[in-house]
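The values are calculated or read from the model by the stated rules, or taken from the named source; none is laboratory data. Values in this document were obtained by computation on a predicted structure and should not be read as measured data. Using ideal geometry, Cβ is built from the backbone for each residue, glycine included, and neighbour counts are taken over all protein chains shown.
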Amino acid sequence: MNVLVINCGSSSLKYQLIDSESEAVLAKGLCERIGIDGRLVYQKAGLDKEITETDMPTHKQAIQLVIDALINPTTGAIKSLEEIDAVGHRVVHGGEKFASSVVLTDEVLKAIEECNDLAPLHNPANLIGINACKELMPNVPMVGVFDTAFHQTMPEKAYLYGLPYEYYEKYKVRRYGFHGTSHSFVSKETANFLNMDLNNSKIIVAHLGNGASISAVLNGECVDTSMGLTPLEGLVMGTRSGDLDPAIIEFIANKENLSISEVLNVLNKKSGMTGLQKGGSSDFRDVQDEIKKGNKLAVYAMDVFCYRVAKYIGSYVAAMNGVDAIAFTAGIGENVAMVRRKVCEYLGYLGISIDEETNLKTFGDEVVLSTPDSKVKVAVVPTNEELAIARETVALV
Ligand code: ADP
């Protein structure tokens, strides 16, 4: 079965065509600058990337261009539209309505729309992508896979804020968590890879990418995660502050003469690794280079990042009353040995030790880092959100 996986943003759209039997990526790419001018990146497996500057005023036109590229007689991955058996869509926010993936019926689309105010930047864009696909492929089944769904198993004590309960009742202000598709995929892969019984396991997944979050997965179910109502809570990230004293918002607004939404823009886009380095790069390749050059702010930023990760892991060991395995994943988790080493150094009290030689050699592969005598297994387990969406889609159609 061929599944087209679509991750649609407000001006960009990523896609992959996956053969669900072999789990091979047949073709992938992205549309950028939709509604501005337009750029299509297309890559058939085994061939070079093709980049075409082309007008794409709407998402529908962008998806039509993707379809045209996929069925192109010379470089296409398939012969006709009939070879797309299903489409899996990433949807950012499912609120409390969706605890698992669903087939996208009209009723479901309405329910997703009702979650728009929880993710005003993302959900409307996701819906535009879904509707465009439905118009262009009316007979192909479509599935929605939610970033929040995996975290819906969190108990009240983990998802309720210490706020007036009416805010939860009236506005559904609570912790939701994000990156759920990745946390679900990686926790399952970790159990498989380490020969553990998922249904009898305590796994902590550290999804450390530009956006970063940690989750505590007890017997295959999420019991806590670091992101909240929005992806701003939790870890220090590329450009997001993560946890802070909420009183800072008013304090900075007064000092800098900013509105609340302007301060929030700073917290989302100008903080984290970037902000700590006074506008420096959020990319850990650059941060490591700066550290080598002796840049003190880069050293602080790295330390703040790792310390926060270690504190969250410690708190999730408490949440689950123990831990069997810790998995590092996403761009930083898979590639940055310094982060893994620094985080694990804080966790010596748990009897954790990792093999530094293996750690230094590990980039994006599934690898056990812990030494045989370590009390907790530590591994790098690459995430693959597109494959996870394709699997969910196949399971439902
Ligand atoms: P997102 O999906 O949130 O954009 P990713 O999981 O793709 O994030 O991670 C992107 C980040 O991972 C980059 O900003 C960079 O900090 C880090 N990263 C990716 N590859 C490498 C690498 N080879 N070496 C060091 N850091 C890397």
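When you look at A158, is it more than 16 Å from the ligand (Cβ to nearest atom), outside any loop (DSSP other than H, G, I, E, B) and surrounded by 14 or more Cβ atoms within 10 Å (Cβ to Cβ), yes or no?
yes
Which condition number does N195 fail, the rest of (1) touching a residue at least 12 places away in the same chain (Cβ under 8 Å); (2) surrounded by fewer than 20 Cβ atoms within 10 Å (Cβ to Cβ); (3) over 24 Å from R341 (Cβ atoms) being met?
Failed condition: (1).
Considering segment 5-47 alone, what residues qualify as being surrounded by 22 or more Cβ atoms within 10 Å (Cβ to Cβ) and of a type in the set (S, T, Y)?
Within segment 5-47, Y15, Y42 meet the criteria.
State whether the residues of segment 249-271 include one that is among the charged types (D, E, K, R) and closer than 30 Å to D373 by Cβ.
Checked against the condition, which is being among the charged types (D, E, K, R) and closer than 30 Å to D373 by Cβ, segment 249-271 yields no hits at all.
Of the conditions (1) within 22 Å of the chain's Cα centre (by Cα); (2) under 24 Å from F178 (Cβ atoms), L276 fails just one. Which one is it?
Against the list (1) within 22 Å of the chain's Cα centre (by Cα); (2) under 24 Å from F178 (Cβ atoms), L276 comes up short only on (1).
Only residues that are within 16 Å of Y312 (Cβ to Cβ) and either assigned to a loop (DSSP other than H, G, I, E, B) or basic (K, R) (or both): list them for segment 164-217, please.
R175, G177, F178, H179, K202, G209, G211
Which of the residues that make up segment 75-92 are in a loop (DSSP other than H, G, I, E, B), in contact with a helix residue (DSSP H, G or I) (Cβ under 8 Å, 6 or more places away or on another chain) and touching a residue at least 60 places away in the same chain (Cβ under 8 Å)?
A77, I78, I84, V92
What number goes with the only condition from (1) within 16 Å of the ligand (Cβ to nearest atom); (2) more than 23 Å from V378 (Cβ to Cβ); (3) among the charged types (D, E, K, R) that R308 does not pass?
(2)
Among G279, G242, G238, which is assigned to a loop (DSSP other than H, G, I, E, B), within 15 Å of the ligand (Cβ to nearest atom), at positive phi and modelled with pLDDT of 95 or more?
G242
Which residues, taken from segment 324-365, are away from the ligand (no atom under 16 Å from the Cβ) and among the acidic types (D, E)?
D324, E345, D355, E356, E357, listed by residue number.
Restrict the check to segment 312-323 and report whether at least one residue is under 26 Å from G238 (Cβ atoms) and either charged (D, E, K, R) or within 14 Å of the ligand (Cβ to nearest atom) (or both).
No.
Let's see how each residue does on (1) out of contact with any helix residue (DSSP H, G or I) (no Cβ under 6 Å at 6 or more places or on another chain); (2) in a helix (DSSP H, G or I):
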{"position": "I67", "(1), (2)": "yes, yes"}
{"position": "P73", "(1), (2)": "yes, no"}
{"position": "G94", "(1), (2)": "no, no"}
{"position": "P124", "(1), (2)": "no, yes"}
